[in-house]
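Accompanying notes for the structure given below.
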Amino acid sequence: MARAGRGPREEARYFAKAAVVGLLFLVAFARVGMAVPTTPRFGFGRDLGHGLNHYWTPRGVTTFLIICAVAWVLALSYWLMRLRGWELPWL
């Protein structure tokens, strides 16, 4: 990772930015969800891809929720493993 070579402060700043970007995407997802309600209230009713044999296919605003989850898991993993010292021996 290129940021790790620049020092721990730059690395921490990178993951903090990732967490903030995830929060922004979560806020955007919630705002669109309030403006354009679906049934059920918290669900993925607008994402069912009928052209793909009825498999769940994320599209539209659901990708905001996916980006949020990926950014937060990345930042949480950094916090747990690098800052808190947790180790997974099987990795």
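The values are calculated or read from the model by the stated rules, or taken from the named source; none is laboratory data. For clarity, every value in this text was computed on a predicted model and none was experimentally measured. Counting neighbours? That spans all protein chains shown, and the Cβs are built from the backbone with ideal geometry, glycine included.
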Open item on the list: Under 6 Å between Cβ atoms, which residue pairs at least 6 apart in sequence (or on different chains) link something in the stretch 1-18 that is assigned to a helix (DSSP H, G or I) with a partner that is surrounded by 13 or more Cβ atoms within 10 Å (Cβ to Cβ) and at pLDDT below 80?
Closed with: Glu10/Arg3; Glu11/Arg3; Tyr14/Arg3
- [ ] Return the total of residues in the stretch 55-90 being among the small types (Gly, Ala, Ser), buried (at least 17 other Cβ atoms within 10 Å of the Cβ) and within 14 Å of Ala28 (Cβ to Cβ).
- [x] 1
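Quick check on the stretch 45-60. Is at least one of its residues modelled with pLDDT of 85 or more and either aliphatic (A, V, I, L, M) or at negative phi (or both)? Explain how you work it out, then say what you get.
Filtering the stretch 45-60 down to residues modelled with pLDDT of 85 or more leaves none.
No: zero hits.
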